[in-house]
Every structure is written in structure tokens, then in C-alpha cells.
Amino acid sequence: MKHIFLNLKRFDIPKELGGVNAIAPIHQWGSYIVENTQEALKAYEGEDVEFAMYFPEAHLIPAVNALCENSPVQVGCQSVYRDDTAVGGNFGAFTSNRTANAAKAIGCATTIIGHCEERRDKAGVLAEAGVTDTAAVNRLLNQEIKAAVKAGLKVLYCIGESSEEQSRWQEVLREQLETGLEGVDKSMVTIAYEPIWAIGPGKTPPDQEYITMIGTFVKEVTGGMDVVYGGGLKTDNAKMLASIPVMDGGLIALTRFSGEIGYYPEEYLEIIRTYMGK
């Protein structure tokens with residue numbers, strides 16, 4: 001199966017507040033994105049491909065409510081808390097935390113966990129507490145993945161190495177995979193590889209050979225789990241990524257990187273047409 005994921009980060013924030021949202025008023029933003037993509041994505045019915053979109057929490061209900069009958073879009077949340085409600089247990093004492101049961105009840109089908117921005121935040125909190133154990137972040141993410149799977153959510157689990165870690169990328173990725181997936185039903189999880197060292201203005205993205213090497217390594221370590229390129233599926237790399245047998249899709253974020261930078265539904269659909277070859 002091919003997987004096309006969309007991480008909408010906080011692209012909902014209006015430009016006048018420093019964001020990149022130029023497509024819809026913020027209270028209509030989630031529904032606008034679903035309504036302006038789902039009909040076109042129906043063109044791929046019969047193809048072995050899935051489409052998931054990860055929204056900020058405020059937009060989950062509007063996005064779910066915008067789903068048409070038999071919509072090809074799966075609405076997802078951006079990570080979940082590592083604990084949850086339970087009959088006879090905690091009934092909801094999770095102020096400021098988004099639990100997997102809440103996301104599932106809203107209508108989410110999936111969640112993204114371990115994105116480099118989430119990893120950076122967790123590492124920063126742990127550093128403030130004097131924790132230097134680099135595996136601690138992976139253990140916390142493992143708890144999140146287990147909570148998500150227990151609630152019936154599929155998971156896109158992100159891994160990747162920084163520039164400081166690149167010389168020992170195998171060690172870093174193996175730790176992220178083995179610790180993050182320990183005790184997890186792997187049938188509910190897809191891996192996304194983020195080359196953190198190559199993300200950002202002026203940086204050189206990995207080439208086809210490097211991505212193939214990573215995809216092969218991930219499949220060897222995980223016993224053949226699906227893996228997608230998480231460093232940005234774009235129009236200019238879509239054909240190349242589609243040609244790599246060991247890669248099973250990609251993660252889209254921004255669709256425009258100059259001028260009016262941002263996410264635009266019509267450009268998202270063009271990336272998918274380029275990747276799918278139609």
C-alpha cells in the first residue's frame with residue numbers, strides 16, 4: 001500500500017500574526033481543506049493508497065464534519081497523551097493534554113507521533129530537568145504509540161537523525177525504532193523517515209541512493225514495516241520518491257516555498273498527481 005500523509009502543523013495561523021494561512025478564515029480552515037481535496041482524491045479509488053491529514057486540535061471537529069460519504073480522507077490529530085481515560089479509572093483529569101480516546105471519539109482515524117518538532121520539545125523539557133538519557137524521548141513516544149493503538153488509532157511514527165547524529169545514523173535510528181515500537185502492534189504503525197539534518201532553507205536534501213539506503217535499513221530492523229519519506233513530499237521530488245521500491249509514500253507539509261509561502265489544496269493535489277503518475 002502507498003501512503004500519502006499531510007502534516008498541517010500550525011499552518012492555520014493568519015499571516016498578520018506571523019503565520020502562513022492565506023486560504024480561509026481560521027474558523028473555517030479545517031473544513032475548507034477537506035472540502036477542497038476529498039472529491040479530487042476519489043479519483044484514486046481502486047488504487048492501493050491511503051490519504052491522511054493531521055490537523056491542529058481546534059480543527060479536528062470541523063474537518064471530521066466536512067467528510068463526505070465514503071470520503072478517501074482520514075482525519076488525524078498531532079500526537080496524543082501517553083495516558084488515557086478508562087472505565088473505573090481516570091475519568092478525564094488531563095488538563096491541557098489530548099488523549100487518544102478523545103481523538104477517537106471526535107472521529108480521528110490516525111495520529112502522527114515522534115515528529116522532529118515533538119521530539120525537540122520533549123528533549124528540551126527533559127534537559128531542563130537534568131535528564132541526559134537520550135533514550136528517554138523514545139520511551140515517552142512508545143507510551144504515546146501504545147495509547148494511540150489501544151484507542152484504535154493508526155500511527156505515523158516519525159524517526160530521523162540530526163546533523164550531529166548523522167555519522168552514527170544506524171545506531172540512532174535503530175534506537176528510535178526498537179524502543180519506540182517495543183510491545184506495539186506494528187500492523188497499526190507506518191514509519192516516516194525525517195532527515196532532520198536536511199530540513200530547512202539552504203540545506204541539501206538526501207538523494208535517491210541515501211533514501212533507498214534508509215528505507216532498506218528500516219525494513220530490515222522492523223521486519224518489513226511500511227516506511228515513507230518524511231522530509232517533505234513535493235512536486236520536485238515526487239517522481240523520484242515514487243520510483244524507490246522500498247519507500248511506500250511520503251509526508252507533505254508546505255506546498256509553496258517561495259512568494260506566498262504556505263499550504264494550498266490545489267498544490268497538494270498536484271503533488272499527489274505527480275507522485276501517483278496521474
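The values are calculated or read from the model by the stated rules, or taken from the named source; none is laboratory data. Treat the numbers as computed from the prediction; the structure is a model and nothing was measured. Glycine gets a Cβ as well: all are built from the backbone with ideal geometry, and neighbour counts include every protein chain shown.
One table, with the values for the structure above:
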{"item": "Checking Glu164 against (1) of a type outside the set (S, T, N, Q); (2) in contact (Cβ under 8 Å) with a residue 24 or more places away in the chain; (3) out of contact with any Gly (no Cβ under 7 Å at 6 or more places or on another chain), the condition it does not meet", "result": "(2)"}
{"item": "Segment 122-140 - residue that is surrounded by fewer than 10 Cβ atoms within 10 Å (Cβ to Cβ) and assigned to a loop (DSSP other than H, G, I, E, B) and, of those, modelled with the lowest pLDDT", "result": "Thr132"}
{"item": "Matching residues in segment 153-188 - criterion: being of a type in the set (Val, Ile, Thr) and either over 16 Å from the mean Cα position of the chain (by Cα) or exposed (fewer than 14 other Cβ atoms within 10 Å of the Cβ) (or both)", "result": "Val172, Thr179, Val184"}
{"item": "Per-region count, segment 32-52, residues in contact with a helix residue (DSSP H, G or I) (Cβ under 8 Å, 6 or more places away or on another chain), closer than 25 Å to Glu118 by Cα and not aromatic (Phe, Trp, Tyr)", "result": "2"}
{"item": "Enumeration of residues in segment 119-151 that are of a type in the set (D, E, K, R), in contact (Cβ under 8 Å) with a residue 40 or more places away in the chain and over 12 Å from Gly180 (Cβ atoms)", "result": "Lys150"}
{"item": "Check on Glu161, farther than 18 Å from Thr111 by Cα and either in contact with a Leu (Cβ under 8 Å, 6 or more places away or on another chain) or modelled with pLDDT under 95 (or both)", "result": "yes"}
{"item": "Filter pass, Thr212 being out of contact with any strand residue (DSSP E or B) (no Cβ under 9 Å at 6 or more places or on another chain) and crowded, with 16+ Cβ neighbours inside 10 Å", "result": "yes"}
{"item": "Pair list, Cβ under 8 Å, 6 or more apart: segment 170-188 residue under 21 Å from Met1 (Cα atoms), other residue in a loop (DSSP other than H, G, I, E, B) and among the aliphatic types (A, V, I, L, M)", "result": "Lys186/Met225; Met188/Leu153"}
{"item": "Options Gly107, Gly30, Gly114: the member that is in contact (Cβ under 8 Å) with a residue 24 or more places away in the chain, under 26 Å from Glu270 (Cβ atoms) and either surrounded by 22 or more Cβ atoms within 10 Å (Cβ to Cβ) or within 19 Å of the chain's Cα centre (by Cα) (or both)", "result": "Gly30"}
{"item": "Selected residue (only one of Val228, Val246, Val221 is surrounded by 13 or more Cβ atoms within 10 Å (Cβ to Cβ) and assigned to a loop (DSSP other than H, G, I, E, B))", "result": "Val246"}
{"item": "Filter pass, Glu47 being within 22 Å of Ile191 (Cα to Cα) and at pLDDT below 95", "result": "yes"}
{"item": "Flag for Gly30 being in contact with a His (Cβ under 6 Å, 6 or more places away or on another chain) and not hydrophobic (A, V, I, L, M, F, W, C)", "result": "yes"}
